[in-house]
Amino acid sequence: MDMDKRPPGGGDGCLVGAIRIPVKIVAVLVVLPVRVIWELLVGAGRALHRNVLGPLYVHVLEPLLRALGRLVGTLLKLVLLWPWVGLWRYVITPVGQGVAWLGRGLYQRVLAPGGRFLTVHVLRPLGEALAWVGRGGMRYLLAPLGRGAARLVRFLGMLLFVWPWVGLWRYVLAPVGRAIAWLGAAAYRYLLTPVGHGLVWLAVAVYRYLLRPVGLGVAWLVVGVYRYLLRPVGLGLARLASALYRYVLSPLWQVLVQAWHLAGRITAALWRGLRWVGRVLIGWPASRVYRHVLTPAGHAVREVWRTARAAVREARATVRRALFGTPPWEPARSRARTLGSTTAADAAPADEISLPRRRG
């Protein structure tokens, strides 16, 4: 086979071909068998699980495990629960009931009668004797001592806490208070009352002969200014503003609105005319020139550019073949799946190692 020849169109050089071919060989000899074996194992595992392990678990292992769980639960109850239940039901409960019956009988037959006898014949007489002794001691011994101590405490309390304050109030504070009250009454009667009467008379006189006439004059002045100056001026300004709005501003506004609408219509008509003139004088000739002149010229330039680019590529391929030789060539549709391309091919991939065509 002629591995050194390839169709014209350019290549990637000897280095890329020397790296690409071993990588493809390793992928075919190592990666592909491993992947096939893996897919076979995965399919076999799924089939085994679907047809063998699943039914085995559902119909054999699950009932067996359920029966084993019930057996283990029964054994645990038999070992850990039922002995304590039997002990409680047949031992502790009857013994407890017997002890309770014995305790109730002991209380009703022994403790309660003994307690009543002890209370009636021992404790109650003893308590009454102690109470009688206490009352007698209180009446003939502690009561006189208590009354004397109470009188002594009351005397000491009066001496220390009552009589000093009573003496202070009676011989010091009360005379001083009466003197201050007499001085206050005298000052009120002979000083504050005449001064107060004078101040009241002065205030009445100031109000009657000064503030009231001044206030009346100021009020009359304000009323006169409002009645004869501010009100006529305000009414005149209001009438002037009303007449100005009615006979000047309103007609002027209406004229401006009508002029605005008229200007809008004129502007719209001028714009439509300018647009029609532009379409007739510029748009239609430009479209004709683009369609009948520029488009054929562009097609011609594109064909010339394609021809020149193909000639340049052919010349470059000829120079490369003359300088570096021709490595094994692969069709364009399989080149996109090799190491030299980063895009996916649209067509189906070709053989991993494609043979060049024989030149006849």
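Computed quantities for the displayed model
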read-out: Which listed residue, of 310, 332, 317, is under 30 Å from residue 25 (Cα atoms), modelled with pLDDT of 80 or more and surrounded by 10 or more Cβ atoms within 10 Å (Cβ to Cβ); value: 317
read-out: Residue within region 22-37 that is open to solvent by 90 Å² or more (accessible area, probe 1.4 Å) and at pLDDT 85 or above present; value: yes
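The values are calculated or read from the model by the stated rules, or taken from the named source; none is laboratory data. From a predicted model like this one, the values you see are computed outputs, not experimental measurements. Cβ: placed from backbone, ideal geometry, glycine included. Neighbour counts: every protein chain shown. We work out accessible area using only protein heavy atoms, side chains counted, and drop any ligands, DNA or RNA first. Shrake-Rupley method; radii C 1.70, N 1.55, O 1.52, S 1.80 Å.
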